[in-house]
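Colleague: Take this structure first; my questions come after.
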Amino acid sequence: MIKAILLSVQLKNRAKADSSSSTSLEELWRLAQTASLEPVKKLTVRLSAYHASTLIGAGKIEEIKSLIKETGSGLVIFDRALSSAQQRNLERALGVPVIERTFLILEIFSQRARTREGRLQVKLARFSYAASRLTGHGEGLEQQHGMIGTRGPGERKIEYERRALRDKITGLKAGIEVIREERHNQRKTRDALPMAQVSLVGYTNAGKSTLINRLTGGRHGIYTDDKLFATLDPSTKRVKLPGGGCALFTDTVGFIQNLPHELIAAFRSTLEEIRYSDLIIHVHDGASTYLRTQHEAVAETLKTLNLTDIPVINVFNKADLAENPELSVWAPARLKPVFVSALAGAGIKELLELAEK
């Protein structure tokens, strides 16, 4: 297992204001574990100013080199975006691969996508990410100035690679559009049935899949795990309501802070299925000490997708696990919550009664 050092970089005059940085760094630790890495050290680097070529400057680079040697790490992960030039310069200076948060999340999605649509969406996100970083200043891609009106070999190679990525992206979008049309036809069939449609959304690892399993009596055995992004592919199941009728409940991909825009774009067609819901159940991790931050990350993603006009029930799962000061102070005042334990079954009847109204 590859050992990894995790880095958060902040400007000194913004360190106090950036209260989410420690949360994000802890989350990066869990992301690394989810990607089958072994995080061994996390640290916050505070700078007076960013360094254009390496972001963190020579002194910090030497400090991190010492940590790499001390811990035997083979990877450094930054909790922020790096330019392709910064990444390349850091790798040369540190002697180990350097990646950023976005790349790590894309890797996790690549590992966990199971359906054909999910794999196509992840490939689209990866190619879009690669295209955004193809600058032409890497090794073997130097712009070599030829005669006036001509291009050097490095520039030609960049254009070939850019064109190849564009072609792959076009093909993937076409494949996703075919599946989107199939889903549209399936939705028309569902719409012909007198059943309400409910979407479960929430922060990753909030317990949406466990809740679906509980609501369906465990008939379908949807995979669950105490990991970030344990399941990516949406699934729709029929749930019996207290009044005797049924509703279709759909589990959706989990959200996270700073969800890469490439992933939002690639999964947009899947996420936009939420628009056809009669109700959204926003599942929260009631035991999380970062409840407010996680709630806001989900709300912001729904806003990005223009999904703020559908009724929402705020469900707080795992509320039986720990006494959470943030839950008791903030949630009831703001969100009129429903408390459940998807694992133990507490509060499920009340949730279904509220959803049926």
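Only the coordinates and a few stated rules stand behind these numbers; no lab work does. Remember, predicted model here, so these are calculated numbers, not experimental data. Quick reminder, even Gly has a Cβ in these numbers, built from the backbone with ideal geometry, and neighbours come from all protein chains shown.
Colleague: Which links in LYS336/LYS357; LYS240/LYS357; LYS41/LYS65; LYS42/LYS303; LYS3/LYS42; LYS3/LYS69 stretch past 21 Å when you go from one Cα to the other? Before the final figure, lay out each step's value.
Modeller: On the way: LYS336/LYS357 16 Å; LYS240/LYS357 14 Å; LYS41/LYS65 13 Å; LYS42/LYS303 32 Å; LYS3/LYS42 12 Å; LYS3/LYS69 11 Å.
Beyond 21 Å: LYS42/LYS303.
Colleague: Please state, as a whole number in µm²/s, the translational diffusion coefficient that the Stokes-Einstein equation yields for the range 66-106 at 10 °C and 1.306 mPa s, with Rh defined as the Kirkwood radius across alpha carbon pairs.
Modeller: So the translational diffusion coefficient is about 150 µm²/s.
Colleague: Next question. Among 45-57, 112-124, 339-351, how do they line up from the highest to the lowest mean number of other beta-carbon atoms within 10 Å?
Modeller: 112-124, 339-351, 45-57
Colleague: List the residues whose amide H sits under 5 Å from the amide H of ALA319, counting only those 5 or more places along or on another chain, with H placed 1.01 Å from N in the peptide plane.
Modeller: GLY286, VAL340
Colleague: Explain nothing, just compute: Karplus ³J(HN,Hα) = 6.51 cos²θ - 1.76 cosθ + 1.60, θ = phi - 60°, for every residue of the range 117-132 in order, whole Hz, x for Gly and Pro.
Modeller: For the range 117-132, the Karplus curve yields 5, x, 5, 5, 5, 5, 4, 4, 5, 5, 5, 5, 5, 4, 5, 5 Hz.
Colleague: For a quick check: with amide H placed at 1.01 Å from N, whose amide H comes under 5 Å from VAL9's, ignoring anything fewer than 5 positions away on the same chain?
Modeller: VAL45, ASP79
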